[in-house]
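Asker: This structure is in C-alpha cells; I'll ask about it shortly.
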Amino acid sequence: MGRRNHDDGKNRYLGVLAIILALALWQFIASVIIHYSFILPAPTDVVTAFISLLEEGTLVLDIQASLIHFAIGLGMALLVGIPLGIMMGWNRRLDAFLDPIVELLRPIPPLAWIPFAIIWFGLTASAAGFIIFVGAVFPVIINTYSGFRSVPRVFVEAGRMLGCTRSRDLIRYIAFPAALPSVAAGIRIATGVGWMCLVAAELFGVSNYGLGQKLWFYYNIHQMDSVVVYMILLGMIGLAFDMVFRYYLDRYFLKWQTGEVA
C-alpha cells in the first residue's frame with residue numbers, strides 16, 4: 001500500500017513536470033521563433049489577457065451562461081437516453097421498433113440541427129441546449145442499451161427464483177445495477193461530447209454570454225490571447241466535470257468493483 005502511494009506521488013510530479021516543460025516550450029516558440037501573437041500567443045500574453053478579463057467581470061457571466069446551456073442539454077439527454085436505452089435493451093420488440101429510428105438519426109452531426117434549433121426555439125438558451133442534447137443523447141442510449149443487453153441471464157433467473165418476478169423489479173434490482181458500469185460509461189462519454197458541442201451551440205448567438213460565444217467574438221476582433229483563455233477554460237471545466245463524475249461514481253456506485261464494500 002505504501003509503495004503504491006509512493007508511486008502515485010512520483011507520477012503526479014511527472015505530470016507537473018510535463019506541464020512546466022510544455023509551457024516553457026510554448027513560451028519559447030511563441031516569443032522567439034514565431035514572435036507574432038496573432039498566430040500563437042505566448043503563455044505570458046494569455047495570463048495577462050486572463051487577468052484583464054477577470055477585471056472586466058464578464059468571465060464569470062460567460063461560465064454561468066455556458067453551464068446553464070450545458071445543464072439543459074445534458075439533463076434532457078439523460079432524461080430521454082437512459083429510459084429509452086433501458087426499454088430497448090429490455091424489450092426486444094421495442095428494440096426492433098425503435099432501433100431503425102435511432103440508427104438513422106445517430107450519424108447526423110449535431111451541427112446539422114442548428115437551423116432547426118433556431119426555428120424551433122429561437123435564439124434562446126434552449127436552442128443551445130438542444131444542440132448539446134443531440135450530441136449527448138446517443139452515447140447514453142447506446143451504452144445503456146449495451147449494458148442491459150449484456151446482463152447475464154442467470155442474474156435474471158436467480159432474481160425470479162428469489163421472488164423478483166415483475167419486470168419493473170427485475171430492472172430496478174437486477175438489471176440496472178448489473179448494467180450500471182456501461183450506463184456510467186455512456187454518461188461520461190455524453191458529458192464529453194456535449195461539452196464539445198457547446199462552442200458550436202453558442203456560435204449562432206443564443207445569448208450575449210457564454211464561453212463558446214466569447215471565443216468566437218474575440219477571434220473576430222483578432223484577440224487571440226483571449227481566445228486561448230477561453231480554450232483553456234473549456235478544457236479545465238470539462239476535465240473538472242470528468243474528475244468529479246468519476247470520483248462520485250467510484251465512491252458511491254461502483255465500490256463493489258474494487259472490493260470496497262464498507
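Asker: Read through the labelled values (1) 41, 27, 18; (2) 33, 23, 19; (3) 41, 27, 14 and report the label of the one computed as semi-axes √(5λ) of the Cα gyration tensor in Å from the structure.
Answerer: Of the labelled values, this structure produces (3).
Asker: Rounded, prolate or oblate for region 168-228? Axes are the square roots of the Cα gyration tensor eigenvalues, ordered a ≥ b ≥ c, and the cut-off for rounded is a/c under 1.5.
Answerer: Verdict is prolate for region 168-228.
Asker: Where in the chain are the DSSP H helices whose alpha-carbon span along the long axis reaches 24 Å or more and whose Kyte-Doolittle mean is at least -0.5?
Answerer: Passing helices, by number: 2-28, 59-90, 125-149, 176-203, 224-248.
Asker: Pick from Gly192, Gly210, Gly81: which residue has the top mean-square fluctuation in a GNM of the chain where Cα pairs under 10 Å get a spring?
Answerer: Gly192
Asker: Taking the mean number of other Cβ atoms within 10 Å as a proxy for protection, how do you rank 125-137, 66-78, 103-115, 170-182 from highest to lowest?
Answerer: Sorting 125-137, 66-78, 103-115, 170-182 by mean packing, highest first, produces 125-137, 66-78, 170-182, 103-115.
Asker: If you take every residue apart from Pro139 with its C-beta less than 12 Å away from the C-beta of Pro139, what net charge results, scoring Lys and Arg +1 and Asp and Glu -1?
Answerer: +2
Asker: Once you put a point 7 Å from the Cα of Ile33 and another 7 Å from the Cα of Ile20, both along the Cβ direction, what distance in nm separates them?
Answerer: 2.2
Any read-out appearing in this document is the output of simple, stated calculations on the displayed coordinates, not a laboratory observation. If you're wondering where the values come from, they're calculated on a predicted model, not measured in any experiment. Neighbour counts are summed over all protein chains in view; Cβ atoms, including those assigned to glycine, are modelled from backbone coordinates with ideal geometry.
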